[in-house]
1. What whole-number value in Å² describes the accessible area per residue of segment 296-393 for a 1.4 Å probe?
2. Taking the C-alpha atoms of segment 300-349, how large are the radius of gyration and the largest Cα-Cα span, Dmax, in Å?
3. Where the convex hull is taken over the Cα atoms of segment 117-157, what is its projected area averaged over directions, in nm²?
4. What length, rounded to one decimal in nm, is gained on full extension from residue 6 through to residue 169, with 0.36 nm per residue of separation minus their alpha-carbon distance?
5. In whole Å, largest first, what are the principal axis extents of the Cα atoms in segment 190-245?
6. Over the heavy atoms of residue 1, what accessible area does a 1.4 Å probe trace out, to the nearest 10 Å²?
7. Which percent of Cα pairs goes in each bin when the distances of segment 266-418 are cut into 5 angstrom slices starting at zero?
8. Tell me what the chain gives for mean residue ellipticity at 222 nm when only DSSP H runs of n ≥ 4 count, each as -39,500 (n - 2.57), the sum divided by the residue total, rounded to 500 deg cm²/dmol.
Amino acid sequence: HSAISDVLAGKYQLDSKVTLKGWVRTVRANPNFAFINLHDGSCFDPIQIVVDNTLNNYNEISKLTTACSLSVTGTLVESKGKGQSFEVQAEEVDIIGLVEDPDTYPMAPKRHSVEYLREHAHLRPRTNLIGAATRIRNCLSHAIHNYFYENGFQWIATPLITASDCEGAGEMFRVSTLDAVNPPLKDDGRADFSQDFFGKEAFLTVSGQLNVETYACALSKVYTFGPTFRAENSNTSRHLAEFWMVEPELAFADLAAVAQCAEDMLKYVFKAVLKERMDDLEFFDLRVQKGVIERLQKLVDTDFVRMDYTDAIDILQKSGKKFEFPVDWGVDLSSEHERYLAEEHVGAPIILQNYPKDIKSFYMRLNDDGKTVAAMDVLAPGIGEIIGGSQREDRLDVLDSRMEEVGLNPQDYYWYRDLRRYGSVPHGGFGLGFERLVAYVTGIQNVRDVIPFPRTPNSAPF
Ligand code: 4AD
Ligand code: MG
C-alpha cells in the first residue's frame, strides 16, 4: 500500500490504482455517497475517499466513525473540493477495526485542551497537534544528525548509568539493584542504599558531557544525543525529569568556536524544518502560535548577538524594568531576565558569555580575571535558555583547585583528570535541550507536549 504523503505529494499519476491504509478522521454519508477523511500519520493532511452505494458493504461504510481502521483500494482522481488536488474513488473498502463505543471515544475530532491530551498520552498521537509535533521532532533529530555527519563529527553513545554528577547540582536519580522492600540496613537500622549498583553507587546521567570529552580528546569532533535525567523538583513548562540532550564536543576549540558551532547547527536545523515540514508548520502558525514560520525564517538570516554576562547585568539594571528577582553581578539569570534581553533589548538570539564562576560548573575554563568562566548560554526570543555550554578547563592544576572548591574528590574523577595529563588540548562543547528546541520551532508552550511520554514530578509514569 502507499503512504498518503506520497499520494498527496503527486508521486502517483491520476487514474492510477492505489491502496491506502489508515484511520477514519471524519465521515459524511447520505444514502448515495460517503466522503471519508482518511489519515495515516505520514503527513499533516488526510485524503478524501469517495465511496458510492454500488459497493456491497456500503451500508457498513456509511456507519463508520472516527478512528475506525480501513484498507481502501481505488482510483486516484482530481479533487473537486477546495484545498486538495487528489482524492480516491473507492472500489473496495475493507474495514479492519471498528471502534467499539464511538460515543465514549476520547479523541473525538475536535480541539482538546493540552491538559486533557496529557491524561490520554496513549491516544493523543492521533490528534493533529501531537501528530504534527511528532513529525517535526523527527525532522529535527534527523537534521541534527545530518549536520554533525556532514561536518565530520562522530556520534558517541555515552552511558545512561554513571557515578558522576556532571552538573554538580545533586539532581541525580539513584539506580538500584537492591530489594527495595527488604533493603540492607545500616547500623542505625535505616535502609542503606549506598552500594546499590552491584556493590557500588550509581545514578542516571544528567549529561553525557564528561564521557563524550574523552572521545573528543581522541577523535576531535564528537557528539552525543540521548536521554538525560534530572531529579529536580521543577514544575515549569520548560523542565522535564527525563529529556533528550544534544551535546557536541570539539577539540582544539575555544569558546568562540563552540559558540559558532551552536549558531551554525541551529540555523541548519531551522532550514531543514522549513524545507521539509511546511505542512505541519502551517498548522502551528495557524492554530498554536501566530508567526512561528516567520520567526524561523528570520532566525536563519539573523546573526546571533554575542554579549558578556557583565554587560547583560548592566543592561538589566539600567532597563528600568521591575523584575521579580533583582539583578546584581553574581546572580544566576532567571527566565524573565533572559527573555527581556533576547526579546526586548536585542530582538534576536543572544549568546551570553563569561559568567561568574560561582554560578557555573567545575569543569568550565577559568578566565584570566579569576572570577568568570568561559561559559555560554544561547538565549532565544520566546523561550529563554535553549543551549548551555563552555570551553572546558584543560589545565590540571586549575581543574584540581576548582574541584576542591566545589567539594569533589579528584580521585573519583581520575579518568577525567587523565585527559589533562596526557596531551591536554583546549576543547569545549554545549548541550541543547532537544524538547526546548521542538517547543521553540512549533510554538508549543510546554515541553510536556513535544515528548511522547513526559516524565515530571507530578506525572504518573506508565
Ligand atoms: O545547561 P545544562 O545543565 O548543561 C549541561 O548539562 C552541560 N553538561 C552541557 C554541555 O556543555 N555539554 O543543560 C543543557 C540544556 C539547557 O540549556 C536546556 O535547554 C536543557 O539542556 N535542559 C532541560 N530541558 C528540559 N528539562 C530539564 N529539566 C532541563 N535541564 C536542562
Ligand atoms: Mg544551563
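The values are calculated or read from the model by the stated rules, or taken from the named source; none is laboratory data. Note that the structure is predicted; figures quoted are calculated from it, not measured. Ideal geometry is used to build each Cβ from the backbone, glycine not excepted, and the neighbour counts take in all protein chains shown. Surface accessibility is based on the protein's heavy atoms, side chains included, excluding ligands, DNA and RNA. Shrake-Rupley method; radii C 1.70, N 1.55, O 1.52, S 1.80 Å.
1. The answer is 43 Å² per residue.
2. 11.0, 34
3. Working: hull surface 15.3 nm².
Orientation-averaged projected area of the Cα hull: 3.8 nm².
4. Values: separation 163, 0.36 × 163 = 58.68 nm, distance 4.82 nm.
Fully extending the segment from residue 6 to residue 169 adds 53.9 nm.
5. 47, 37, 11
6. The accessible area comes out at roughly 150 Å².
7. Distribution as computed: 2, 9, 15, 16, 14, 13, 11, 10, 6, 4, 1, 0 percent.
8. Numbers: 13 runs with 134 residues, N = 462.
One gets -8500 deg cm²/dmol as the mean residue ellipticity at 222 nm.
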